[in-house]
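**Student:** Attaching a single structure in structure tokens format; questions to follow.
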Amino acid sequence: MAPRPDLGPAPYLGYTGTRIDRAAALRSDDAALGKLFADRRAGFYLIGGELVVMKKSGDALDPLFSAGEAQAFPWVRETVFLGLMDGAPRFGIGLDPAPLEPLKTRGDLKLTDLRSIAIHNMVATEHLPPLAEAKAVLGWHARHRFCPNCGLPTHPVQAGWRRDCPACKVEHFPRTDPVVIMLAVKGEQCLLGRSARFASAMWSCLAGFVEPGENIEEAVRREVAEEAGIVCGRVAYFASQPWPFPMSLMIGCHAEALNTDIKVDRAELEGARWFEREEVALMLLRRHPDGLGTPPPVAIAHHIIRAWVEGEVG
């Protein structure tokens, strides 16, 4: 067997490693929140729909605005207290996305989506977890303005971490959707799939939402069987990643494949096939002779695949 290429230092897993202390005990303390909002160290992340607003400083981009800078954007829908970073208050501000479109032409601002920010390393990594937190919660507010119990308007409370219905008194909380994402392996081969939504020539782990009444292991086995016809035995947890598109938690796993005959569900996948370990190493390094590749390092799929290539899992 040819020597395996050196994959180099382990990359950063996007949206993880937060330095934010969420300080949840302060969410119901209006007096304390008022002081935090007025604190000169307070920083604000501005998000309108899918767009994050950032300041340009030469070639650098800064997504954190001061209170005075944030007040220049009058289209505020909700404000969420994200927590404290090294003692400094951090807030997320949800803006009406419609008035933001003309701002794309301003030379002092950059407006783009959070996925692009992470993939292209546009900001310091310390900003990615609070941006993910802000985008997920503010996106929840945008989609839950009315009570699903009685249909009347709700209003935000608890520093943006709850919506209450004044009519039927039901309390509504942000939701997180669990998604299993897994690499089925058998010996020196792993199973990768292609969705029609993927970039050209990219292959990745299989994935799917955890259904009610399922545990993680059951969801892994069901999804692999449904999408590729592969039966899996042992399932091992690897790592997790918040994925704010709109608000999922990716639960990464490796699974032991018990058979090799693939039956692709064409409604879910464009294709699926087995890859040798050495071939996947070339894909990670972007050196595959056919131009095949894996997801970028910001995605947990990259890390799941890399761990198997490097022999960290069986």
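The values are calculated or read from the model by the stated rules, or taken from the named source; none is laboratory data. None of these values were measured; they are calculated from a predicted model. Backbone-built Cβ (ideal geometry, glycine too); neighbour counts: all protein chains shown. Side chains are part of the model used for accessible areas, which takes the heavy atoms of the whole protein and leaves out ligands, DNA and RNA. Shrake-Rupley method; radii C 1.70, N 1.55, O 1.52, S 1.80 Å.
**Student:** Out of everything in the stretch 143-180 that is part of a helix (DSSP H, G or I) and touching a strand residue (DSSP E or B) at 6+ places or on another chain (Cβ under 7 Å), what residue ends up being nearest to C253 (Cα to Cα)? Give the steps one after another, and end with the answer.
**Tutor:** Taking the stretch 143-180 first, the residues part of a helix (DSSP H, G or I) are 143, 158-160.
This time we only want the ones that are touching a strand residue (DSSP E or B) at 6+ places or on another chain (Cβ under 7 Å), so: 159-160.
Working: A159: 34, G160: 33 Å.
Only one residue fits best here, namely G160.
**Student:** Mind checking which pairs have a first residue in the stretch 227-241 that is free of Cβ contacts under 8 Å to residues at least 24 places away in the same chain and open to solvent by 10 Å² or more (accessible area, probe 1.4 Å) and a second that is not hydroxyl-bearing (S, T, Y) and not in a loop (DSSP other than H, G, I, E, B), Cβ under 8 Å, 6 or more apart or different chains?
**Tutor:** That search, which allows pairs on different chains as well, returns R234/A255; R234/E256; Y237/I216; Y237/I251; Y237/G252; Y237/C253.
**Student:** Report whether or not P89 is in contact with a helix residue (DSSP H, G or I) (Cβ under 9 Å, 6 or more places away or on another chain) and in a strand (DSSP E or B).
**Tutor:** Details: in contact with a helix residue (DSSP H, G or I) (Cβ under 9 Å, 6 or more places away or on another chain): yes; in a strand (DSSP E or B): yes.
Yes; evaluated as a whole, the condition is true for this residue.
**Student:** Which of the residues that make up the stretch 242-253 are open to solvent by less than 20 Å² (accessible area, probe 1.4 Å), in contact with a strand residue (DSSP E or B) (Cβ under 7 Å, 6 or more places away or on another chain) and either over 14 Å from L206 (Cα atoms) or free of Cβ contacts under 8 Å to residues at least 40 places away in the same chain (or both)? Steps first, answer last, please.
**Tutor:** Within the stretch 242-253, the first condition is being open to solvent by less than 20 Å² (accessible area, probe 1.4 Å), and the residues that meet it are 244, 247-248, 251-253.
Restricting the remaining residues to those that are in contact with a strand residue (DSSP E or B) (Cβ under 7 Å, 6 or more places away or on another chain) gives 247-248, 251-253.
Result: M247, S248.
**Student:** Here's another thing I want to ask about it. Taking E256 as the residue in question, decide whether it is in a loop (DSSP other than H, G, I, E, B) and either open to solvent by 40 Å² or more (accessible area, probe 1.4 Å) or among the hydroxyl-bearing types (S, T, Y) (or both).
**Tutor:** Numbers: in a loop (DSSP other than H, G, I, E, B): no; either open to solvent by 40 Å² or more (accessible area, probe 1.4 Å) or among the hydroxyl-bearing types (S, T, Y) (or both): yes.
No.
**Student:** Here are some residues: L109, L100. Which one is in contact with a Lys or Arg (Cβ under 9 Å, 6 or more places away or on another chain) and open to solvent by less than 40 Å² (accessible area, probe 1.4 Å)?
**Tutor:** Numbers: L100 fails: in contact with a Lys or Arg (Cβ under 9 Å, 6 or more places away or on another chain).
Answer to the check: L109.
**Student:** Only one of (1) open to solvent by 20 Å² or more (accessible area, probe 1.4 Å); (2) closer than 26 Å to A132 by Cα; (3) outside any strand (DSSP E or B) is not met by R221, so which one is it?
**Tutor:** It is condition (2) that R221 fails.
**Student:** Cβ contacts < 8 Å: first residue under 11 Å from R194 (Cβ atoms), restricted to the stretch 258-271; second residue assigned to a loop (DSSP other than H, G, I, E, B), any location; separation 6+ or different chain. Result?
**Tutor:** That search, which allows pairs on different chains as well, returns V264/G229; E268/S195; L269/S195; E270/S195; E270/A196; E270/F198; G271/V264.
**Student:** Consider P74 carefully, then state whether it is modelled with pLDDT under 95 and outside any helix (DSSP H, G or I).
**Tutor:** Working: modelled with pLDDT under 95: yes; outside any helix (DSSP H, G or I): yes.
Yes; evaluated as a whole, the condition is true for this residue.
**Student:** In the list R222, R194, which residue meets the criterion of being in contact (Cβ under 8 Å) with a residue 40 or more places away in the chain and of a type in the set (K, R)? Reasoning before the result, please.
**Tutor:** Details: R222 fails: in contact (Cβ under 8 Å) with a residue 40 or more places away in the chain.
Result of the check over R222, R194: R194.
**Student:** Considering every residue within the stretch 271-291, establish whether at least one is assigned to a helix (DSSP H, G or I), of a type in the set (K, R) and under 23 Å from the mean Cα position of the chain (by Cα). Let's see the steps before the verdict.
**Tutor:** Let us first name the residues in the stretch 271-291 that are assigned to a helix (DSSP H, G or I), namely 277-284.
Remaining after also requiring of a type in the set (K, R): 277.
Narrowing further to those that are under 23 Å from the mean Cα position of the chain (by Cα): none.
No, the stretch 271-291 has no match at all.
**Student:** I've got another one for you. In the list V170, V157, V185, V179, which residue meets the criterion of being open to solvent by 40 Å² or more (accessible area, probe 1.4 Å) and β-branched (V, I, T)? Talk me through it step by step, then tell me what you get.
**Tutor:** Working: V157 fails: open to solvent by 40 Å² or more (accessible area, probe 1.4 Å); V185 fails: open to solvent by 40 Å² or more (accessible area, probe 1.4 Å); V179 fails: open to solvent by 40 Å² or more (accessible area, probe 1.4 Å).
Of V170, V157, V185, V179, the one residue that is open to solvent by 40 Å² or more (accessible area, probe 1.4 Å) and β-branched (V, I, T) is V170.
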